[in-house]
Amino acid sequence: MESATVNAVVPLESNPEIFTKFASDLGLSPLLAFCDIYSLDDPDLLCFLPRPMQAVILLFPVTQKYEEFKNKEQVEPVDYSKVIWMKQVVKNACGLYALLHALLNIPKGFMVQNSELSKLRLNLLEHTKDPAELVQSIAQTMYSTYSTQGQTEAPPAEDNVDLHFVCFVEKKRRHLRT
């Protein structure tokens, strides 16, 4: 029997404990964890962050200015040849995509061997399966466990939300937003 396609999901809460648990269950090494970043420019707050950072996931409000930037960016594409990147095709799954972009672009040594994460990375690198199909599998099997956890009441999957997650990763000494 063929499984149904997930068109929308309940948004993830911006909670480092949830992201760490989800990442761990996917196959992230226990050597790494997510943490809150309270400032991007205050040296007194930045000094508390663990180093080196492998990725930054940022949650921000979607504004008219952002929409204009995003539309312009689609005209001027970024070279993602050095990163593993997947286009978001599931509504409200930007948290899942940001998490996957962070995890898939860390050094391989931070992944548990034969984990869902290492298998996903291998499939993407070898182009053996459609990326959307791989994300659908995670959305159907694991995602709901984490999207219903947290301190705030989650909106329904079909709701339009005004917050968006993006991921910043470093590849070949360049910082890219995914």
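The values are calculated or read from the model by the stated rules, or taken from the named source; none is laboratory data. Remember, predicted model here, so these are calculated numbers, not experimental data. All Cβ positions, glycine included, derive from the backbone under ideal geometry; neighbour counts span all protein chains shown.
Quick rundown of the values:
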quantity	calculated
Residue match in the stretch 49-72 (condition: out of contact with any strand residue (DSSP E or B) (no Cβ under 9 Å at 6 or more places or on another chain) and either in a strand (DSSP E or B) or of a type in the set (G, A, S) (or both))	no
In the stretch 16-68, the residues that are among the acidic types (D, E) and farther than 22 Å from L104 by Cα	D41, D42, D44, E67, E68
Test set (1) closer than 15 Å to P11 by Cβ; (2) without any contact (Cβ under 8 Å) to a residue 40 or more places away in the chain; (3) surrounded by 14 or more Cβ atoms within 10 Å (Cβ to Cβ) - C94 fails condition number	(2)
Residue match in the stretch 112-133 (condition: closer than 17 Å to E13 by Cα, hydroxyl-bearing (S, T, Y) and modelled with pLDDT of 90 or more)	no
Members of the stretch 100-117 that are surrounded by fewer than 20 Cβ atoms within 10 Å (Cβ to Cβ), in a helix (DSSP H, G or I) and touching a helix residue (DSSP H, G or I) at 6+ places or on another chain (Cβ under 9 Å)	K108, F110, E116
Qualifying residues in the stretch 134-171 (those that are among the aromatic types (F, W, Y) and not in a helix (DSSP H, G or I)) - the one modelled with the lowest pLDDT	F168
Per-region count, the stretch 8-58, residues more than 18 Å from G95 (Cα to Cα) and without any contact (Cβ under 8 Å) to a residue 12 or more places away in the chain	15
Enumeration of residues in the stretch 27-63 that are hydrophobic (A, V, I, L, M, F, W, C) and over 20 Å from the mean Cα position of the chain (by Cα)	L45, L46, C47, F48
Some residue of the stretch 118-133 being surrounded by 14 or more Cβ atoms within 10 Å (Cβ to Cβ), within 15 Å of E170 (Cβ to Cβ) and in contact (Cβ under 8 Å) with a residue 12 or more places away in the chain	no
Residue satisfying condition, being touching a Phe, Trp or Tyr at 6+ places or on another chain (Cβ under 8 Å) and farther than 21 Å from H164 by Cβ, within set L31, L26	L31
L12 vs. criteria surrounded by 12 or more Cβ atoms within 10 Å (Cβ to Cβ), in contact with a helix residue (DSSP H, G or I) (Cβ under 6 Å, 6 or more places away or on another chain), closer than 18 Å to C167 by Cβ and modelled with pLDDT under 95	yes
